[in-house]
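Novice: The structure follows.
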Amino acid sequence: METKEVKAYGTASAEESLSPMQIPRRTLLPEDVEIEILYCGICHTDLHVLRNDWGGAVYPIVPGHEIVGRVTAAGDQVTKFKVGDVTGVGCLVDSCRHCAYCQAGLEQFCEPGNTVVFGWPDKHLGGHTFGGFSERIIVDQNYVLRVPGGLDAAAAAPLLCAGITVYSPLRHWKAGAGSKVGVIGIGGLGHLAIKMASAMGAEVTVFTTSEAKADDARALGATEVFLSTDADRMPQSGKLDLIIDTVSAQHDINVYLHQLRVDGTLVLVGLPPEQLPMGAGNVVHGRKAVAGSNIGGIGETQEMLDFCAERGITADIETIAIQDVDQAFKRLEKGDVKYRFVVDMRTLQNH
Ligand code: NAP
Ligand code: ZN
Ligand code: ZN
């Protein structure tokens with residue numbers, strides 16, 4: 001298949017910093033749209049993969065999976081988008097479309113395996129896929145999202161991963177008026193979980209290791225904020241129905257299981273590379289559950305974007321140039337970002 005070289009930013013190994021490179025993009029298939037990337041968010045998953053925290057990373061890596069861009073060309077069978085539309089692309093760029101999970105709108109669990117936007121086998125070109133730290137991307141229309149007009153394009157980018165990752169479990173476990181939701185960690189995912197859960201009508205309690213973020217948590221919609229490093233001041237009785245755990249590193253989930261009421265569920269969305277030990281008694285007593293959740297399907301991602309447009313929800317962002325991305329990853333590692341870095345991808349042209 002013919003390819004076109006485009007500018008990108010990536011790394012050839014876990015030890016090197018990110019630098020400019022050229023990557024191939026396929027020529028348009030009938031159902032493909034070509035998207036000029038305007039903004040790309042930086043997720044902690046990008047950092048885990050760049051550092052090969054989970055093993056199995058394939059180099060070179062061009063990260064980025066919170067993409068907002070403008071359609072610049074469309075294949076002749078594209079019906080959903082036209083040139084000029086503002087669109088989004090998240091983690092998923094393809095799946096089998098036939099298995100029970102794809103049919104149910106759960107493409108994130110596609111049985112034969114989906115295609116992730118970077119670091120995944122590329123069905124068309126061989127090799128592996130390259131993500132959003134690039135000039136352009138070619139994606140099948142069925143995996144492209146509509147970004148509603150009311151949303152700021154840069155601040156909407158983090159919705160494509162962080163947003164859907166917290167929206168999906170909030171919906172699945174029925175957060176809403178009358179429910180009490182806990183959020184652990186105020187980072188990219190956590191700050192959106194606070195905004196979304198409170199917009200759904202839930203009462204939100206936040207657990208943070210950063211005292212300096214407490215006031216922000218209240219402004220984002222939390223009614224109570226606890227410093228998890230101060231065990232004496234943590235609540236003594238469990239009253240939460242659902243906890244969304246967004247922590248990216250090793251932590252003690254048993255502390256939070258005590259915050260659940262009977263039949264409550266703690267949902268892990270954070271992906272610490274280490275195992276998380278759990279005391280059996282902490283779930284046996286109170287019939288509690290520990291669960292996990294992985295991004296969301298394409299239909300649900302569109303539903304989330306429409307919900308955010310209706311409620312005026314976007315991420316709180318710091319916009320940076322691609323040349324400052326290494327510094328941004330260093331700050332993300334320390335939890336020093338309020339609350340998502342978004343790269344203005346047009347700065348790639350400065351090379
Ligand atoms: P982030 O912006 O770095 O936020 C993580 C937050 O966790 C930090 O801001 C910090 O909040 C807290 N934290 C960090 N280290 C901690 C520690 N040692 N103990 C307790 N709390 C700690 O990261 P993110 O982009 O939101 O991503 C969070 C995690 O979700 C990552 O592991 C990422 O890979 C994963 N993820 C999963 C999915 C999925 O589909 N399941 C999708 C996207 C991301 P405080 O300062 O408030 O304590
Ligand atoms: Zn992500
Ligand atoms: Zn499938």
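Novice: Sort 269-278, 56-65 by the packing proxy (mean of other Cβ within 10 Å over each peptide's residues), most packed first.
Specialist: Ranked from most to least packed, the peptides come out as 56-65, 269-278.
Novice: With a Cα-only, solvent-free Debye model of region 162-292, what are the log10 I(q)/I(0) values at q = 0.12, 0.14, 0.21 Å⁻¹?
Specialist: -0.38, -0.53, -1.31
Novice: Something else now. Two decimals, Cα atoms only, Kirkwood Rh: what is Rg/Rh over region 260-351?
Specialist: Ratio of gyration radius to Kirkwood radius for region 260-351: 1.11.
Novice: Using alpha carbons only, how many degrees (0 to 90, rounded to 10) separate the axis of helix 298-311 from the longest principal axis of the chain?
Specialist: 70 degrees
Novice: State, to one decimal in nm², a quarter of the convex hull surface area for the C-alpha atoms of region 192-237, i.e. the direction-averaged projected area.
Specialist: Taking a quarter of the hull surface, the average projection is 3.3 nm².
Novice: Just to confirm a number: summing +1 for Lys and Arg and -1 for Asp and Glu over residues other than HIS351 whose beta-carbon lies under 12 angstrom from that of HIS351, what do you get?
Specialist: +1
Novice: Classify region 40-138 as rounded, prolate or oblate from the Cα gyration tensor: take a ≥ b ≥ c as the square roots of its eigenvalues, call it rounded if a/c is under 1.5, otherwise prolate when a/b beats b/c and oblate if not.
Specialist: oblate
Novice: A follow-up question, please. I want to check the label-to-label distance for ASN294 and ARG331. Put each point 7 Å from Cα in the C-beta direction and report it in nm to one decimal.
Specialist: So the label points at ASN294 and ARG331 sit 3.2 nm apart.
Novice: Quote the charge dipole size of the chain about the Cα centre in Debye, to the nearest 20; the model charges only the Cβ of Lys and Arg (+1) and of Asp and Glu (-1).
Specialist: 560 debye
Novice: Grab the beta carbon distance between TRP54 and ARG218, set R0 = 25 Å, and tell me the FRET efficiency rounded to 0.05.
Specialist: 0.15
Novice: Measuring from label point to label point, each 7 Å out along Cα→Cβ, what is the ALA73 to GLU5 span in nm?
Specialist: With each label placed 7 Å out from Cα toward Cβ, I get 1.7 nm.
Novice: Mind pulling the angle between the C-alpha long axis of helix 188-199 and the longest principal axis of the chain? Nearest 10 degrees, somewhere in 0 to 90.
Specialist: For helix 188-199, the angle is close to 70 degrees.
Novice: Accessible area per residue of region 162-292 at 1.4 Å probe, in Å²?
Specialist: Accessible area per residue: 43 Å².
Novice: Which values of log₁₀ I(q)/I(0), to two decimal places, follow from the Debye formula for the chain at q = 0.15 Å⁻¹ with a uniform point scatterer at every Cα?
Specialist: Computed log10 I(q)/I(0) values: -1.29.
Novice: With a cut-off of 8 Å between alpha carbons and a minimum separation of six or more residues, what is the relative contact order of region 162-292 in percent?
Specialist: Across region 162-292, relative contact order equals 21 percent.
Novice: Where is the GNM fluctuation largest for the chain (alpha-carbon springs, 10 angstrom cutoff): PHE130, PHE207, PHE109?
Specialist: Among PHE130, PHE207, PHE109, the largest mean-square fluctuation in the Gaussian network model of the chain belongs to PHE109.
The values are calculated or read from the model by the stated rules, or taken from the named source; none is laboratory data. Only a predicted model underlies this, so the values are computations on that prediction, with no experimental measurement involved. FYI the Cβ positions are ideal-geometry reconstructions off the backbone, even for glycines, and counts take in every protein chain you see. The protein model used for the area step is the full one, side chains on, heavy atoms only, and it has no ligands, DNA or RNA in it. Shrake-Rupley method; radii C 1.70, N 1.55, O 1.52, S 1.80 Å.
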